[in-house]
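The values are calculated or read from the model by the stated rules, or taken from the named source; none is laboratory data. Predicted model only: the values in this text are computed from it and were never measured. As a convention, Cβ positions derive from the backbone with ideal geometry for all residues, glycine included, and neighbour counts pool all protein chains shown. Ligands, DNA and RNA are excluded from the accessible area calculation, which covers all protein heavy atoms including side chains. Shrake-Rupley method; radii C 1.70, N 1.55, O 1.52, S 1.80 Å.
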Amino acid sequence: MARTLSLPYATVWHWCVDRPEPVVLGSAVRCFRCRPDQESPLDQAAYAYLLGLYLGDGHLVTTDKVPVLRIYCSDTWPNLIDLCDTAMRAVLANEVQRIQKRGCVAVQSTARHWPCLIPQHGPGKKHERDIVLTPWQWEILTPHAGDFLRGLFHSDGCRFSNRVTVRGKQYVYPRYMFTNESADIMGLCQWALDLLGVAWKMNRRNSLSIARRDAVAALDRHVGPKS
């Protein structure tokens, strides 16, 4: 059992001998929603980041025997693949697999308690159903809005050099864009930006732009590259 849980033998021995209550096994050991002695994830920043990635490019399969959380990361961004892997392990996963697809890698973890931590899962596309956070998720995201934005922009956002020509002279400046078809997810992005005082504007129905120099600098501190 100690080897299965990746815990010291003495710890598991004391659980079995000294504790009168049943021993918690599998992913339940790390699921803070099912542990009366743990009110939030041990790494709240990692949870906020992972939730942002899921809302962008993630999918939680609950029809299999054991739920599978998959987040699709482009081959273009190998560092993003590592960041996603690390976040999954910090939140719940004991093991993470990387499945190569055409042009992307599916970073995935199998655990019975993923649905406890991502209650936004459901059948169909995210923009065709309501995406509403629970009270306990708001408590985690509010102090970690920057990490949440990092996940959103690392999945459905980008930072690029915008070029404009004014009176024959060309100007180049950095700009962030976030695109998502879900009005609810877009609203969460706007909420987090407002909380951090980052100015934004909608340039299309499903697209948000951040172009002011101070706003871009502020978002650089929270998001950073996904190279």
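Before moving on, here are some points about what is shown:
- Yes/no for N162 being in a helix (DSSP H, G or I), modelled with pLDDT under 95 and polar (S, T, N, Q): no
- Residues in the stretch 117-159 that are in contact with a strand residue (DSSP E or B) (Cβ under 7 Å, 6 or more places away or on another chain) and either open to solvent by 60 Å² or more (accessible area, probe 1.4 Å) or not in a helix (DSSP H, G or I) (or both): 5 in all.
- Within the stretch 81-102, being of a type in the set (A, V, I, L, M, F, W, C) and open to solvent by 10 Å² or more (accessible area, probe 1.4 Å) holds for I81, L83, A90, V96, I99.
- Filter result (touching a strand residue (DSSP E or B) at 6+ places or on another chain (Cβ under 7 Å), of a type in the set (S, T, Y) and touching a residue at least 24 places away in the same chain (Cβ under 8 Å)) within the stretch 160-185: Y173, Y176, T179
- Taken together, the residues in the stretch 168-227 that are open to solvent by 20 Å² or more (accessible area, probe 1.4 Å) and not in a loop (DSSP other than H, G, I, E, B) amount to 26.
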